[in-house]
Amino acid sequence: MLLSSLAAWPIAKDGSLPWKAHLQQPFSSLLPQLANVDPNEFNAALIHAGLARMGAMTAGLRRYRAHGWHRDLPDPPVAWREGGSRLLSYAERGLPVLLVPSLVNRAYVLDLAEGQSLARWLTQQGLRPCLLDWGDPGAAEQQFDLAAYIARLRRALRHLHDSSGQAPLLVGYCMGGNLALAAALSAPDDVAALALLATPWDFHAGGAHQAALVQALAPALVPAAARPGEVPPMLDVDMLQAFFWALDPFTVLKKFTQFAAMPDGSEAERRFVAMEDWLNDGVPLAGKVARECLIGWYGDNRPVAGRWMVDSRAVQPQDWKKPALVVLPERDKLVPRDGAAALLAQMPQAARLDAPSGHIGMMVGPRAEAGLWRPLADWLLAVGSAPGTEKKPRAAVRHRATKVQR
């Protein structure tokens with residue numbers, strides 16, 4: 001950060017720095033005030049400010065590393081198992097709901113801690129949530145592509161359908177939403193309704209710079225198989241973390257600086273540690289999956305163009321005719337809002353919910369219950385209680401969450 005600030009200042013001063021649109025005018029208004037500033041004094045002040053910020057970030061990092069909190073929630077019973085994946089059942093009765101997380105992080109973001117567990121909270125609302133824990137890629141999963149994971153999801157759906165006697169309500173979070181959509185389209189009889197939470201669809205909506213970054217990094221991150229007939233190497237956790245960090249490199253600075261200032265023993269401190277522990281507990285990606293995601297999704301933007309193929313069939317959101325809900329976090333750095341909103345253009349029947357948080361905060365943050373859990377539960381209960389009735393579910397969600405739109 002310090003070096004980038006020092007390097008940027010000379011070209012910013014002469015007007016050649018390409019500012020983002022919302023920053024151009026504020027900076028231009030500062031130039032007259034900076035015209036008579038001594039450049040040596042300014043550079044010294046810039047160095048001082050940069051070192052102070054790095055010091056605050058470092059203090060936050062040290063505080064996090066020394067913190068004693070650890071997740072201690074026990075796992076619920078396993079209702080079904082295949083390979084390294086488990087279907088965790090949180091209740092014995094109620095409307096069946098299958099929760100599908102991403103492949104790149106641990107499933108327990110949906111069951112993080114007391115007061116931060118969507119799965120456990122849903123049991124109190126008359127629902128029977130089951131969480132699909134993908135697990136680590138074992139010998140079999142290391143050969144998987146996305147179609148193989150989607151086939152496993154379909155088998156979990158079938159099990160829950162058979163065991164409960166009714167088609168489950170399917171909820172996909174982040175990349176889990178992409179998998180859930182593909183599974184629902186290929187097995188519609190096993191899905192009563194579909195909710196997609198912060199699900200990326202237009203991967204270039206965050207800006208052309210992201211696509212260019214992926215195209216530059218992909219050959220090193222996800223190389224092809226060394227020889228014909230072999231599978232590409234796994235994408236390990238550290239490389240995956242580096243990729244997501246590169247999409248927003250100042251996130252680390254901001255969050256650990258804020259953490260350094262949090263009161264000792266506060267709820268905010270505990271929540272931060274819980275979320276950060278989960279973020280750092282990553283899962284490696286099978287090589288074929290990594291190439292499909294980074295090259296096919298982020299690089300070529302195939303989903304929104306109708307060119308993402310699963311089992312030789314394009315995944316087309318407009319083909320889903322049953323009730324659907326698309327949830328858009330208002331401050332999402334991982335899945336740009338416009339990238340997830342692209343689903344609404346292709347799913348005209350879907351209800352819309354704007355969650356007043358970021359990508360992770362909407363699931364486990366202090367406003368998660370009011371902003372996401374409650375309106376989501378209302379919608380699930382409405383569509384589950386009145387199958388085939390579309391007007392009632394959408395009205396029910398609007399009543400409890402004023403930002404839901406048609």
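The values are calculated or read from the model by the stated rules, or taken from the named source; none is laboratory data. Everything numeric in this text was worked out from a predicted model, so none of it was measured. With ideal geometry, Cβ positions are generated from the backbone for all residues, glycine too; neighbour counts draw on all protein chains shown.
Some notes on this structure:
- All positions within the stretch 82-139 that are polar (S, T, N, Q) and assigned to a loop (DSSP other than H, G, I, E, B): 102, 116, 117, 124, 125
- Going through (1) part of a strand (DSSP E or B); (2) surrounded by fewer than 21 Cβ atoms within 10 Å (Cβ to Cβ); (3) not basic (Lys, Arg) one by one, residue 142 falls short only on (1).
- Residue 191 being buried (at least 19 other Cβ atoms within 10 Å of the Cβ), in contact with a Leu (Cβ under 9 Å, 6 or more places away or on another chain), at pLDDT 85 or above and not small (Gly, Ala, Ser): yes
- Qualifying residue in the stretch 263-280 (condition: among the β-branched types (Val, Ile, Thr), in contact with a Phe, Trp or Tyr (Cβ under 6 Å, 6 or more places away or on another chain) and under 25 Å from residue 369 (Cβ atoms)): yes
- Only one entry in 53, 128, 93 is modelled with pLDDT under 95, on the phi < 0 side of the Ramachandran plot and surrounded by 15 or more Cβ atoms within 10 Å (Cβ to Cβ), namely 53.
- Among (1) touching a Lys or Arg at 6+ places or on another chain (Cβ under 7 Å); (2) in a loop (DSSP other than H, G, I, E, B); (3) closer than 24 Å to residue 221 by Cα - the single one residue 296 does not satisfy: (2)
- Among the residues making up the stretch 357-382, those that are over 18 Å from residue 104 (Cα atoms), in contact (Cβ under 8 Å) with a residue 60 or more places away in the chain, out of contact with any strand residue (DSSP E or B) (no Cβ under 8 Å at 6 or more places or on another chain) and in a helix (DSSP H, G or I) are 368, 369, 373.
- Boolean, residue 11 is of a type in the set (A, V, I, L, M, F, W, C), without any contact (Cβ under 8 Å) to a residue 40 or more places away in the chain and surrounded by 11 or more Cβ atoms within 10 Å (Cβ to Cβ): yes
- Residue within the stretch 306-317 that is of a type outside the set (Ser, Thr, Tyr), closer than 27 Å to residue 378 by Cα, assigned to a helix (DSSP H, G or I) and in contact (Cβ under 8 Å) with a residue 12 or more places away in the chain present: yes
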